[in-house]
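To start, the structure itself, in structure tokens.
The values are calculated or read from the model by the stated rules, or taken from the named source; none is laboratory data. The structure presented is a predicted model; accordingly, all values stated were derived computationally and were not measured. Neighbour counts are summed over all protein chains in view; Cβ atoms, including those assigned to glycine, are modelled from backbone coordinates with ideal geometry. Surface areas here come from the heavy atoms of the whole protein model, side chains and all, with no ligands, DNA or RNA. Shrake-Rupley method; radii C 1.70, N 1.55, O 1.52, S 1.80 Å.
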Amino acid sequence: MAAVTERVLPAPAPNVLPEVKPFWDATAEGRLVLPQCVECQTLVWYPRPFCPACGSLKVEWIQASGQGSVYSFTVNRRGQADLAAYRDAGVYVLAYVELDEGPRIMTNIVDCSPDEVRIGQRVEVVFHDTGQGSALPRFRPAATA
Amino acid sequence: MSIKGKAYIVGAFEHPDRVIPDRSVAQIHAENTVGVLADAGLRLSDIDGLFVVGGGGMLPIVMADYLGLNTLRYLDGTAVGGSSPVYHIGHAAVAIAEGKCNVALVTLANRPRSEQVPRSANTSPEAAFEMVYGTSTLGMYALAAQRHMYEFGTTSEQLAWVKVAASEHAQYNPRALLQKPVTVDDVLNSPMLSDPLHRLDCCVVTDGGGAVIVASAEVARQVNRPMVKIMGHGEAPKHLNNGRIDLTYTGARWSGPRAFSEAGVAPTDIDYASIYDSFTITVVETIEDLGFCEKGKGGQFVADGGLRARGGRLPVNTDGGGLCNNHPGMGGMMKVLEGVRQVRSEAHAEVQVADCELALVHGTGGSLGTRMASATLILGVEDA
């Protein structure tokens with residue numbers, strides 16, 4: 001279980017659609033879970049109770065390792081984000097992280113200088129509390145990189 | 001069924017303005033309509049198909065009402081971002097080929113420069129997993145550029161050449177928002193917005209739009225304009241692929257071959273190409289995916305003036321493109337319009353491609369490589 005740490009970037013609450021509440025409930029407990037198809041065992045991303053591989057409506061929520069590597073990243077220096085919550089966020093790293101389980105997921109890289117981030121870098125999940133019953137999974141350089 | 005030779009672009013109009021603080025999107029659609037009908041020599045009452053994007057509410061019927069179109073037999077409002085007008089032209093050609101309509105108005109209007117509409121909380125299902133991390137259109141394209149550089153060694157200098165060629169073309173376009181030629185160093189020295197994209201790697205933001213009339217062969221022979229034949233069309237969405245995303249290619253990988261196949265031509269046959277240029281990286285990935293060069297070699301292809309009208313490997317975006325001329329949010333229409341000018345031999349003399357018989361037009365909607373809609377259109381002279 002990763003700790004739910006103090007936020008370092010804005011942590012706007014997601015609009016939690018009812019069918020993916022188990023994902024967000026887990027984040028509030030510092031757990032990253034992934035929907036896995038009950039029929040064909042494919043991992044589904046982004047989370048939804050529908051398997052794009054076989055068309056099943058049945059998924060179960062499995063615990064992810066929280067480990068991965070950077071697939072791509074950008075250091076947002078002056079760009080204006082879609083969400084107003086980021087207006088005064090300063091310089092931050094938007095990234096796709098490839099989880100060790102396979103899916104490539106959008107996130108931020110935190111707890112390091114933006115200039116240190118590299119494609120292929122090993123990272124681990126941290127959670128930033130939104131204050132509304134959910135936490136954003138973000139990633140920091142892995143302790144054992 | 002093939003649409004080849006069944007439909008023609010008989011009218012084309014680019015809205016002359018780039019900043020429109022004093023009229024609505026609906027009124028810009030009306031101005032487009034007046035302009036394109038004048039170009040084609042047709043009347044409002046001739047229109048029996050409407051394809052429209054830009055504006056709110058139930059747009060197609062709102063605009064049917066606003067324009068007073070009383071004989072519409074076909075309506076389409078497919079909204080897939082920047083490529084929407086390129087989708088519409090393919091759909092209009094199908095409708096005409098099937099006899100569902102004869103004279104289709106395709107119009108785009110938008111005011112992203114004057115109308116700063118803040119994006120509200122997005123209820124789309126992916127938003128909770130993306131937007132909360134501070135995404136932006138720029139950021140999404142920057143992610144693709146970064147990965148393309150990592151896998152293929154593409155450089156910022158190479159991307160800058162896309163802007164350089166566009167700016168050199170734009171100096172001949174008196175309507176272009178940016179008319180001053182820039183150098184590779186100018187691009188590299190412009191502020192870094194979201195690594196690796198600089199300010200000059202980004203398109204302009206304008207108000208405006210444009211329109212075309214797509215019509216049957218019979219109508220095309222009656223109007224007094226050069227024949228611009230729709231040779232082929234292909235479209236393809238690309239998406240996250242269940243988290244197995246690959247940012248290094250686009251839906252053009254699929255839309256391109258579909259269009260080439262229908263037209264019965266190959267990339268080497270193309271005399272001129274309008275390639276959607278929301279950002280410089282958009283052009284590099286698209287050119288690879290359309291088969292103008294090997295995958296990963298797009299940077300080399302565009303470098304050293306590769307896209308120049310004069311002496312380039314492939315003349316691209318001779319109006320100055322979205323990077324310099326005009327990008328009212330959904331720039332696919334502008335791509336079509338310059339393609340039409342080239343096939344009609346009505347482009348500026350300094351950028352007109354000699355003996356331009358085949359033009360390719362490519363639209364990109366959504367986020368590059370992420371969740372996007374690609375459309376490829378091939379236009380030709382009558383005997384192409």
Would you confirm, using the coordinates I've provided, whether B:Q342 is closer than 20 Å to B:N224 by Cα and either open to solvent by less than 10 Å² (accessible area, probe 1.4 Å) or of a type in the set (S, T, N, Q) (or both)? yes
Leading residue by the ranking (nearest to the other protein chains (Cβ to nearest Cβ)) among those in segment A:45-81 that are within 17 Å of the chain's Cα centre (by Cα) and open to solvent by 40 Å² or more (accessible area, probe 1.4 Å): A:R48
Restricted to segment A:131-141 and to residues being assigned to a loop (DSSP other than H, G, I, E, B) and open to solvent by 10 Å² or more (accessible area, probe 1.4 Å), the residue farthest from A:K21 (Cα to Cα) is A:G131
Filter segment B:261-287 for residues that are over 17 Å from the mean Cα position of the chain (by Cα) and over 19 Å from B:R310 (Cα atoms) and give the result. B:S261, B:E262, B:A263, B:G264, B:V265, B:A266
Are any residues in segment A:92-124 assigned to a strand (DSSP E or B), within 13 Å of chain B (Cβ to nearest Cβ) and either over 16 Å from the mean Cα position of the chain (by Cα) or not aromatic (F, W, Y) (or both), and if so, which ones? A:V93, A:L94, A:A95, A:V97, A:E98, A:L99, A:R104, A:I105, A:M106, A:T107, A:N108, A:I109
In this structure, does B:S84 turn out to be outside any loop (DSSP other than H, G, I, E, B), hydroxyl-bearing (S, T, Y) and either under 21 Å from B:V36 (Cα atoms) or more than 9 Å from chain A (Cβ to nearest Cβ) (or both)? yes
Here the residues within segment A:21-36 that are under 16 Å from B:N242 (Cβ atoms) and either of a type in the set (S, T, N, Q) or within 10 Å of chain B (Cβ to nearest Cβ) (or both) are A:F23, A:L34, A:Q36
What tally of residues in segment B:223-239 results from selecting those that are over 20 Å from B:E346 (Cα atoms) and either open to solvent by less than 20 Å² (accessible area, probe 1.4 Å) or free of Cβ contacts under 8 Å to residues at least 12 places away in the same chain (or both)? 4
Residues located in segment B:64-107, provided they are in contact with a Ser or Thr (Cβ under 7 Å, 6 or more places away or on another chain), aliphatic (A, V, I, L, M) and crowded, with 24+ Cβ neighbours inside 10 Å: B:I96, B:L105
Out of A:E19, A:E39, which single residue is surrounded by fewer than 17 Cβ atoms within 10 Å (Cβ to Cβ), more than 16 Å from the chain's Cα centre (by Cα) and assigned to a helix (DSSP H, G or I)? A:E19
Any idea how many residues of segment B:1-51 are farther than 22 Å from B:E338 by Cβ and of a type in the set (D, E)? 3
Of the residues in segment A:100-145, those that are within 20 Å of A:A11 (Cβ to Cβ) and of a type in the set (A, V, I, L, M) come to A:I105, A:M106, A:I109, A:V110, A:V117, A:V123, A:V125, A:V126, A:A135, A:L136
If you go through segment A:118-145, how many residues are hydroxyl-bearing (S, T, Y) and either under 28 Å from B:M192 (Cα atoms) or at pLDDT 95 or above (or both)? 2
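One line per residue, one yes/no per condition, for (1) surrounded by 24 or more Cβ atoms within 10 Å (Cβ to Cβ); (2) farther than 24 Å from B:N110 by Cβ; (3) touching a strand residue (DSSP E or B) at 6+ places or on another chain (Cβ under 9 Å):
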position	(1), (2), (3)
B:P257	no, yes, yes
B:F260	no, yes, yes
B:S274	yes, no, yes
B:V284	yes, yes, no
B:G291	no, yes, no
B:D304	no, yes, no
B:M330	yes, no, yes
Look at segment A:97-145 and say how many of its residues are under 26 Å from B:N241 (Cβ atoms) and among the charged types (D, E, K, R). 8
Can you spot a residue in segment A:106-117 that is open to solvent by 60 Å² or more (accessible area, probe 1.4 Å), modelled with pLDDT of 95 or more and either within 18 Å of B:M140 (Cβ to Cβ) or of a type in the set (K, R) (or both)? no
Can you tell me which residue in segment B:172-217 is farthest from the other protein chains (Cβ to nearest Cβ), limited to those that are open to solvent by 50 Å² or more (accessible area, probe 1.4 Å) and touching a residue at least 40 places away in the same chain (Cβ under 8 Å)? B:Y172
Search result, residues across segment B:345-375 that are buried (at least 24 other Cβ atoms within 10 Å of the Cβ), part of a loop (DSSP other than H, G, I, E, B) and hydrophobic (A, V, I, L, M, F, W, C): B:A347, B:V351, B:L368
